[in-house]
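This report concerns only the one structure given below.
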Amino acid sequence: MRRLCETPGLGLVRHTSSVIAATSGAVAIGDLRVAAGVISTHLAQRFKEFIGVTPKRPAHTYRFAATVFAINPAGPIDRGDLAAGAGYFDQAHFGHEFRAFTGLTPTRHVEVRRRFLREHPGHVPDSWPLPAD
């Protein structure tokens, strides 16, 4: 344990990861870098060393997961509001990232979830995995 605590960069990655998780990925990586007082290359290298990816990947994953769980498939869905609420630049950016994560468009994903809920009444999708085609 002592050696782990002394590992250079581990505290930076732990702190940055906890901020990403606490904000559901809705934090600018540049802001994290500035708050930590490091350059972006250093932050990215430490993340790759300890986690295997840059900090952008977990931030995108958290943001996407929060967005998917915010969708109420039983009600009407305004993709523009959903994208803006999740911090996406525009609907196109939202749709592209959605498809990259799921292989489905947001509209198709909602259709699949609605069909799943019809076929499995009473099921509450409160954790992964979410239904897929």
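Side notes on the structure shown:
- Probing with 1.4 Å while keeping every protein chain in the model, the per residue accessible area of the chain equals 63 Å².
- Its relative contact order, with pairs defined as Cα atoms under 8 Å and 6+ residues apart, puts the range 38-90 at 21 percent.
- Surrounding net charge for L43, when Lys and Arg each add one and Asp and Glu each subtract one, Cβ distance under 14 Å: +4
- Once the chain from R108 to H96 is taken as fully extended at 0.36 nm per residue, the excess over their C-alpha distance is 3.0 nm.
- Per-atom-type breakdown for the range 32-98 gives carbon and sulfur 55% of the accessible area (1.4 Å probe, protein chains only).
The values are calculated or read from the model by the stated rules, or taken from the named source; none is laboratory data. Bear in mind the structure is a predicted one, so any value in this text is a computation, not a measurement. So basically every Cβ, Gly included, is an ideal-geometry build from the backbone, and we count neighbours across all protein chains shown. SASA here: full protein model, heavy atoms, side chains in, ligands and nucleic acids out. Shrake-Rupley method; radii C 1.70, N 1.55, O 1.52, S 1.80 Å.
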